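Written below as structure tokens is the structure these notes are about.
Computed from the coordinates by the stated procedures, all read-outs in this text should not be read as laboratory data. All values derive from a computational prediction rather than experimental measurement. Heads up, the Cβs are rebuilt from the backbone with ideal geometry, glycines too, and the neighbour counts pull from every protein chain shown.
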Amino acid sequence: MPANDLPAPIHSVPDPAPITTVTKTTTSSERTFNPISAWHVLIGMLLILVASIAANPPLGVLAALVFSIGLPGLYIVGPNMSRVLVLFGRYKGTVRKQGFFWTNPFTLKHKLSLKAHNIASETIKVNDSRGNPIEIGAVVVWQVNDTAQALFDVEDYASYVDIQAETSVRAIASSHPYDEGDSEGVVSLLGDSSQVAEELQVLLADQLKRAGIEVLEARISHLAYAPEIAQAMLQRQQAEAIIAARTKIVEGAVSMVEHALRDLSERGVVKLDDDRRAAMVSSLLVVLCGQENAQPIINAG
């Protein structure tokens, strides 16, 4: 067979890559529902029931059935409470106005509290920005701001708040040192508690926005070194305090010696050569910086 008549080679075609579809969840939004007063509906149903029974007993039985079906539509909204209404899987609105109301008896009426909630996170162990293990806990005050988001956009908004509070506390603790230490101008958990609390509140508010939760306050309630390094860190703090105190004492002593030598020279009380000046400076510094009371030595000559 001639070379030009050879069949063309068959190349295998790879299977096309699977198409991945990304489902974008929509954010719910609360809308106000204007309820019907239950008193008018209840009085009307009672009048119809009584009139039906009086006029025609069989008709009264039917009226009693309708009355019993309409009773589940009655509901009460108390102070700082709300009812989220869902009819056949569709969100109808939220009732925030307190009172006695009636709606379609087949409507699901979810009760949500609008009161401020106070949670204290468990004390957790986490490493600060320097890698030191510390124990930290926080108190968070929050309330539901958007009832539709709280009910429909997260599985359990109360549990959601607990978990996000713990993760936010961990994030804040790991981004700051426990104290300033040898560094200056550093935002520390111990020394800048108000600024750290503001950062925690901002971070937590961003995390809880999806659930329609408003963060009213967030603050650190517990802060300590982990037990395994607490003793060592206490010794370091004591050493730093001693060094700072000694530095202050030396600075003051040098200033006092300088002032004493200047006064002696200006008043002409005594003339000192370099050797005696050095000896006096040494003696004054020993007296001013020493831990014990100085014992005077009188040179009789």
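Assorted remarks:
- Cα gyration tensor shape for segment 56-163, rounded if a/c is under 1.5, else prolate or oblate: prolate
- Cα-based convex hull volume of segment 117-225 per residue, rounded to whole Å³: 81
- Local electrostatic count at Ala205 - Lys and Arg +1, Asp and Glu -1, tallied over other residues with Cβ under 15 Å: -3
- Electrostatic bookkeeping for Gln149 treats Lys and Arg as +1 and Asp and Glu as -1; over the other residues with beta carbon under 10 Å from its beta carbon, the sum is -1.
- Efficiency of FRET from Cβ geometry, Thr26 and Lys115, R₀ 25 Å, rounded to 0.05: 0.35
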